[in-house]
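Below is one structure, written out as structure tokens; the observations come after it.
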Amino acid sequence: MSEKKRIPTDGGQALSQNPFAGLSTAGLPEGPTEQPAAPSPAASGSKRGQPNKNRGRVDITRQTAHRGGKIVTVVSGFVGIGLPEKEQLAKRMQKVCGTGGTVKDGRIEIQGDRREEVAKILAEAGFRPVFAGG
């Protein structure tokens, strides 16, 4: 059997030549010593860097059908947000309302009639809550 050749991992020798050494005598101008400060988004009128305050309309409904007479607050109509953000919103709603809830089929369901509390949380998150149905 042949013996495997080991490759040293201690860093080895330093580079024998600098590939950028010739640039120092090429007559190039000196670079800037300080980086200019970037203008703030608020000063230029741009909204970049600020939280989005118009994330679209969401419907808040109260349902009792097929739930054994129990009332459930359902939030639907989310556009452009994924499941992790919906789960985060649902967890926050559950904590504020002091009830249980879940995310099913792209909707957030909170136990009980908690439309006012849910609307407040959604408005803080930048959505435009609309009470739909009864």
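The values are calculated or read from the model by the stated rules, or taken from the named source; none is laboratory data. Treat the numbers as computed from the prediction; the structure is a model and nothing was measured. Please note: Cβ atoms are built from the backbone with ideal geometry, for glycine as well, and neighbour counts cover all protein chains shown.
Here residue 108 clears all of (1) in contact with a Phe, Trp or Tyr (Cβ under 6 Å, 6 or more places away or on another chain); (2) at pLDDT 95 or above except the condition numbered (1). Applying the condition of being among the polar types (S, T, N, Q) and within 16 Å of residue 116 (Cα to Cα) to the stretch 53-103 and asking which residue is surrounded by the most Cβ atoms within 10 Å (Cβ to Cβ) yields 73. Scanning the stretch 60-82 for residues that are among the aliphatic types (A, V, I, L, M) and in contact with a Gly (Cβ under 8 Å, 6 or more places away or on another chain) yields 71, 72, 79. So for the stretch 39-62 (the condition being touching a Pro at 6+ places or on another chain (Cβ under 8 Å), at pLDDT 75 or above, under 25 Å from residue 129 (Cβ atoms) and of a type in the set (A, V, I, L, M)), does at least one residue qualify? Yes - at least one qualifying residue is present in the stretch 39-62. When restricted to residues that are without any contact (Cβ under 8 Å) to a residue 24 or more places away in the chain and of a type in the set (S, T, N, Q), the stretch 64-94 contains 3.
For the stretch 85-116, which positions are among the hydrophobic types (A, V, I, L, M, F, W, C) and in contact with a strand residue (DSSP E or B) (Cβ under 8 Å, 6 or more places away or on another chain)?
Within the stretch 85-116, 89, 90, 93, 97, 103, 108, 110 qualify.
Within the stretch 104-128, being surrounded by 15 or more Cβ atoms within 10 Å (Cβ to Cβ) and farther than 20 Å from residue 64 by Cα holds for 121, 122, 125, 127.
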